[in-house]
Amino acid sequence: MRDQLFIAGQWTPAARGGRLPVIDPATEEVIHHVAAATAEDVHAAVSAAHTAFEHGPWRRMSGAERAGYLRRIAAAIRDRQDELARLEVLDNGKPLPEAAWDIADAAGCFDFYADLAEELDGAVETIALSDARFTSKAVREPIGVAGAIIPWNYPLLMAAWKVAPALAAGCTVVLKPSELTPLTALELGDIAQSIELPPGVLNIVTGTGPDAGQPLCDHPGVDKLAFTGSVPTGSKVMAAAARDIKRISLELGGKSPFIVFDDSDVEKAVEWILFGIFWNQGQVCSATSRLLVQDGIHDRLVDRLVLETGRIRIGNGLEDGTLLGPLVSKGQFDKVLAMIDRARQQGATVAAGGGRAEGFEAGYFIQPTVLLDTPLDSEAWREEFFGPVLSVRRFSDEAEAVRLANDSRFGLAAAVMSADDARAERVAAALRAGIVWINCSQPTFTEAPWGGYKQSGIGRELGRWGLANYLETKQITRFVSDNPWGWYIK
Ligand code: NAD
């Protein structure tokens, strides 16, 4: 396990010598320490990225050459798949099969953007002008130095979602992982070194939000900020970016609705509802954490949901058969338990779970929880738990379902289930969210756009949209007429 900062292709201690503990959330043991970067380290990392961008080979080489590096990163991740998945479990707590899925997805993300890097070669768009004396074309160029700040729920995958398209575009990167889960991001530095990525193209600084994240946002040498995290932090990132008009993309929180109509199959509905809220302990930005069930199916569905929720196997993510691990940290554990208590006080009925999981001497384990009749104005209906807590309400008709679903300051994702395809499409069109799932919840594909409406963010990651986040568009226009311009000189 690496414990230093990765700057200009070298492992470097933090300038002030600070260190941060890494805690296994299943045991509460300190398993490692990493360097705690401060503004001086961030400055060194941005300078390295700037030098690599301005003077290094990265942005000058062809997209096909950059694709070669990206594919080597993907292959190196796959070579270390099992080890990286285990590190992710130790750091984040998630069940091993989920971590294995994340690592495979991270490798796939580098391969996907390798293909797009190749397509950038010769991607010149000729523009038809209304004036035949000129010809014009549009070309795409990398923005420059990208600062990437990521959360703790999918540590390596969130790094891949930003680093892969940024590198494909020809940008250089300073990556700041969450202080809660720095381990696999640091291994990405190891991989960069092993495949001989040119120095300074990828720099990794571990540290807290205020000490390392904020200086990265404030640094004038950063041209683009790509942030995933909470709304309050996203707002700070945006304010910092505004000072010198940095480009930004923000992937923020959500309180996503799942609408189930009464023509749905109860078994299928319950399976997707469980997946939509308990996958990754509910620490998923797109978790469908508000369930809207039509009257005609409500009682049957809720009975089955409560039964299956009680059967979910809680345990250390490294144990076979675990479906729900611990939350990531003491802070997150305390926050979610306090929110469940307030939900009770504000009138919700706890139908399943509702507290600390029994039988664990240590670890941040919380029971998967179902809250019924959650009041519309309560915190439990309106705010993100970012934990394994589902808030349920009933509805009577389609118009009410859409109205309740859209009544949120967030707009990241939504799901709708119905046997009536026309109705599902109609509701999908009416939902104010960046991602809508029909008859499922959560499957995520590297090829498809990801991001939110309203306070859930700005811009889209993944797919071609993800690459566009790191590109500027340049117009090159040529005067081709043999005649003089004839404005000042007749
Ligand atoms: P957070 O906002 O607390 O932290 C995110 C990152 O920002 C961390 O690396 C943190 O160190 C850094 N940070 C904190 N303060 C900063 C500052 N002042 N300046 C710059 N950086 C700073 O969020 P979190 O608790 O790590 O993650 C949970 C949140 O992330 C949830 O709200 C969740 O919905 C959201 N999320 C969104 C997506 C998405 O794709 N939309 C994906 C995952 C998580």
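Those residues that are in a loop (DSSP other than H, G, I, E, B) and either surrounded by 24 or more Cβ atoms within 10 Å (Cβ to Cβ) or in contact with a Pro (Cβ under 8 Å, 6 or more places away or on another chain) (or both), I need them from the range 364-373; list them, please.
Those that are in a loop (DSSP other than H, G, I, E, B) and either surrounded by 24 or more Cβ atoms within 10 Å (Cβ to Cβ) or in contact with a Pro (Cβ under 8 Å, 6 or more places away or on another chain) (or both): Tyr364, Phe365, Gln367, Pro368.
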*Mind listing whichever residues of the range 1-41 are surrounded by 21 or more Cβ atoms within 10 Å (Cβ to Cβ) and over 23 Å from Asp91 (Cα atoms)?*
Asp41
*asked:* I'd like the full set of residues that are in a loop (DSSP other than H, G, I, E, B), open to solvent by 20 Å² or more (accessible area, probe 1.4 Å) and under 24 Å from Phe278 (Cα atoms), limited to the range 420-442.
replied: Arg432, Gly434, Asn439, Cys440
*Could you say which residue among Ala100, Ala146, Ala104 is modelled with pLDDT of 95 or more, assigned by TED's automatic domain parsing to the domain that holds Tyr470, within 16 Å of the ligand (Cβ to nearest atom) and in contact with a helix residue (DSSP H, G or I) (Cβ under 8 Å, 6 or more places away or on another chain)?*
Ala146
*Out of (1) surrounded by fewer than 22 Cβ atoms within 10 Å (Cβ to Cβ); (2) in contact with a Gly (Cβ under 8 Å, 6 or more places away or on another chain), the odd one out for Ala413 is which?*
(1)
_Residue list for the range 379-407, restricted to those being more than 13 Å from the ligand (Cβ to nearest atom), surrounded by 22 or more Cβ atoms within 10 Å (Cβ to Cβ) and small (Gly, Ala, Ser)_ = Ala380, Ser391, Ala401, Ala405
*Hey, Ala52 hits all of (1) within 16 Å of the ligand (Cβ to nearest atom); (2) within 28 Å of Pro215 (Cα to Cα) but one; which does it fall short on?*
(1)
*Looking at this structure, is Gly93 out of contact with any Cys (no Cβ under 6 Å at 6 or more places or on another chain), modelled with pLDDT of 95 or more, outside the structural domain of Gly325 (by TED's automatic domain parsing) and at positive phi?*
yes
_Lone qualifier among Ala168, Ala128 - being in the same structural domain as Gly17 (by TED's automatic domain parsing), over 23 Å from Asp3 (Cβ atoms) and surrounded by 24 or more Cβ atoms within 10 Å (Cβ to Cβ)_ = Ala168
_Qualifying positions in the range 51-62 - surrounded by 20 or more Cβ atoms within 10 Å (Cβ to Cβ) and of a type outside the set (Phe, Trp, Tyr)_ = Ala52
*Only residues that are assigned to a helix (DSSP H, G or I) and open to solvent by less than 10 Å² (accessible area, probe 1.4 Å): list them for the range 291-301, please.*
Ile297, Leu301
*Search the range 474-487 for residues that are in a strand (DSSP E or B) and pair each with any residue that is of a type in the set (Lys, Arg) when their beta-carbon atoms are under 6 Å apart and the residues are at least 6 apart or on different chains.*
Ile476/Lys137
*When you go through Val260, Val231 one by one, which is the residue that is out of contact with any Gly (no Cβ under 7 Å at 6 or more places or on another chain) and in contact (Cβ under 8 Å) with a residue 24 or more places away in the chain?*
Val260
_Every residue from the range 173-198 that is of a type outside the set (Val, Ile, Thr), part of a loop (DSSP other than H, G, I, E, B) and surrounded by fewer than 20 Cβ atoms within 10 Å (Cβ to Cβ)_ = Glu196, Pro198
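I want to confirm something. Restricting to the range 447-462 and keeping residues that are more than 11 Å from the ligand (Cβ to nearest atom) and closer than 18 Å to Ala106 by Cβ, which single residue is surrounded by the fewest Cβ atoms within 10 Å (Cβ to Cβ)?
Glu447
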*Please find, within the range 199-213, the residue that is nearest to the ligand (Cβ to nearest atom) out of those that are buried (at least 24 other Cβ atoms within 10 Å of the Cβ) and not in a helix (DSSP H, G or I).*
Gly207
*Does Thr288 satisfy being polar (S, T, N, Q), modelled with pLDDT of 95 or more, in the same structural domain as Ala159 (by TED's automatic domain parsing) and part of a loop (DSSP other than H, G, I, E, B)?*
no
*What number goes with the only condition from (1) near the ligand (Cβ under 9 Å from one of its atoms); (2) acidic (Asp, Glu); (3) closer than 16 Å to His50 by Cα that Glu179 does not pass?*
(3)
*Search result, residues across the range 154-172 that are within 14 Å of the ligand (Cβ to nearest atom) and not in a helix (DSSP H, G or I)*: Tyr154
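The values are calculated or read from the model by the stated rules, or taken from the named source; none is laboratory data. Just so we're clear, the structure is a prediction, and the values are computed from it rather than from any experiment. With ideal geometry, Cβ positions are generated from the backbone for all residues, glycine too; neighbour counts draw on all protein chains shown. Just the protein is used for accessible areas: all its heavy atoms, side chains included, with ligands, DNA and RNA removed. Shrake-Rupley method; radii C 1.70, N 1.55, O 1.52, S 1.80 Å.
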